[in-house]
1. Out of the residues in the range 442-470 that are at pLDDT 85 or above and buried (at least 18 other Cβ atoms within 10 Å of the Cβ), state the one that is nearest to the chain's Cα centre (by Cα).
2. Kindly indicate the residue of the range 375-418 that is open to solvent by 10 Å² or more (accessible area, probe 1.4 Å) and over 18 Å from residue 120 (Cβ atoms) and also nearest to the chain's Cα centre (by Cα) among those meeting that condition.
3. Only one of (1) open to solvent by 50 Å² or more (accessible area, probe 1.4 Å); (2) in a helix (DSSP H, G or I); (3) within 19 Å of residue 282 (Cβ to Cβ); (4) among the hydrophobic types (A, V, I, L, M, F, W, C) fails for residue 349. Which number is that?
4. With the condition being out of contact with any strand residue (DSSP E or B) (no Cβ under 6 Å at 6 or more places or on another chain) and crowded, with 17+ Cβ neighbours inside 10 Å, I'd like the helices (runs of 4 or more DSSP H) fully within the range 1-110 carrying at least 3 qualifying residues.
5. Report every pair of residues separated by at least 6 positions or lying on different chains whose Cβ atoms are under 7 Å apart, first residue within the range 112-137 and modelled with pLDDT of 80 or more, second in a loop (DSSP other than H, G, I, E, B).
6. Suppose the filter is within 21 Å of the chain's Cα centre (by Cα) and either farther than 19 Å from residue 42 by Cα or open to solvent by 20 Å² or more (accessible area, probe 1.4 Å) (or both); does residue 288 pass it?
7. Can you name the condition, by its number, that residue 145 falls short on among (1) open to solvent by 10 Å² or more (accessible area, probe 1.4 Å); (2) touching a residue at least 60 places away in the same chain (Cβ under 8 Å); (3) under 17 Å from residue 30 (Cα atoms); (4) not hydrophobic (A, V, I, L, M, F, W, C)?
8. Looking at (1) over 19 Å from residue 135 (Cβ atoms); (2) modelled with pLDDT under 80, which one does residue 424 not meet, given that it meets all the others?
Amino acid sequence: MIPKWWCLMIVLSAFMIQVISFGTAGAIGLYNIEFIEYFNVGAAEVSLIGSINLGVFLGAGPFVSLLMRHMSYRRVAVIGSLLSTTSLLCVPFLDNIIYLYIIYGIFTGLGFAMVYLPSSVLAGMYFNKHRSLATGVATSGSGIGAVVFPLLVHSLIQYYGWKGSVFILAGLSLQCIVFSALLIPMNKKPNREELKSVLTNSNIHEKQTNNPEIDHMMTNGNCDNYNGHTSISEKKVQENDEVTKLMENSEPAAESLKHCYVLCDFSFLIFFINNILWNMGVAISWILAPEYFVSMGLTKGNAATILTFGGVGCFIGCIIGGGLGNIQSLSRLSMYISWNIAVGILIMFLPFKIFQSVEILSFIMFLNGLGFGGILGLLVIFTVDLLGEKALGDAFGYLMLSNGVGSIIGPPLGGAFKDYLGTYDPTFFFAGTLIIVAGLVMFLIPIREKFVPRPTRTAVELTIEVNLKT
């Protein structure tokens, strides 16, 4: 039986996993400076290392979701920990940047994806009433990683060189095994009879689970996800949540649609596109920022310090975003759009000479991190708003895919701009514009809901019915 306080251990595990995984991935900007000198290559070639890593890290979501269907969350995370650690141990022995693309970019990124996704999904599933706050706290680990790792990596490179520092990062990555071992799933799949019954009813009603262990935990107050009530009253969320729950045990005829059904929802599709755009801009600003700051005449230590302030802001922003997301009277969509636009504007401040001092850049990056953290703190709860709790695993996997696509495209494109134009200034104007556009795209969701009535039967329901008939 799962202890009633185990939900706190899940949040702690997710928090520490994000500290290590995002901290390691975010520190690549400092290594880029070393790689340019060591491999004697340009900014575009070097930036591709981090973009592949971050892109695979975030973009492998659907693949990891598939693994989570066939293996326990804990096993997936442990395998991911071993993969990321082994890959990092190989990095210092590589003498060609192409190998870095493969070993560090692909394999390390995939390993971190296999650790990150199970922990994030479980942190959201163990809570209902306080889901937004719980996921905000878990996500704030990425902010702590962004605070600690730039300074840590800078110091390690000074004392041990970039190769020696990577060995130490591999040791830290190995600790993810400990936190992965704490991930205990709580899923219970319904049977096919329940799936058939929901399609014969014109209205979908909330159902109680048949799992006796969960019944026992509801009576004992084990985490607020077992209180027998839903915290979101919107009919759309309830419907999609129930349909997705019943869809989990459908026959092999629907197997190929178990993942892509989330893209049938217009609002989630817009959210998917939004994530591609803002990740392009954010990846440019975080991966290329250290070299950009050095090109302004600042030291590598200054660049690490400025990034640290961004991490502090991200940590605080995740907590604030998660906390505000719990307030039902506030519009999560409005907050999400506002933070997108604000982050885009702040990034466009960086190229102006008047702001190019350590103090002002640190303050701008702090505000930038604050907005970025607010976005991260709302990702899980807003996904639940759109598709329901039971779709969280598949939906968040696709959300990671969109993040990965943006992260792969953005930095090489920004590096190419710099190599062609000879300056980073247009690159950061471009990055800010992408994030602002990402925020504006989200206005399509309320506009469509105002002018286009929602159908009585969702695309997800129709997909299930067609596959049952076949």
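The values are calculated or read from the model by the stated rules, or taken from the named source; none is laboratory data. No experiment lies behind these values; they were computed from the predicted model shown. Cβ coordinates were reconstructed from backbone atoms using ideal geometry, including for glycine residues, and neighbour counts include every protein chain displayed. Areas reflect the complete protein model, heavy atoms only, side chains present, ligands, DNA and RNA absent. Shrake-Rupley method; radii C 1.70, N 1.55, O 1.52, S 1.80 Å.
1. Among those residues, the one meeting the criterion is 442.
2. 405
3. In the conditions (1) open to solvent by 50 Å² or more (accessible area, probe 1.4 Å); (2) in a helix (DSSP H, G or I); (3) within 19 Å of residue 282 (Cβ to Cβ); (4) among the hydrophobic types (A, V, I, L, M, F, W, C), residue 349 misses (2) alone.
4. 6-26, 28-39, 43-59, 61-70, 73-90
5. 113/60; 118/183; 119/183; 122/183; 122/185
6. no
7. Unmet for residue 145, out of (1) open to solvent by 10 Å² or more (accessible area, probe 1.4 Å); (2) touching a residue at least 60 places away in the same chain (Cβ under 8 Å); (3) under 17 Å from residue 30 (Cα atoms); (4) not hydrophobic (A, V, I, L, M, F, W, C): (1).
8. The failed condition is (2).
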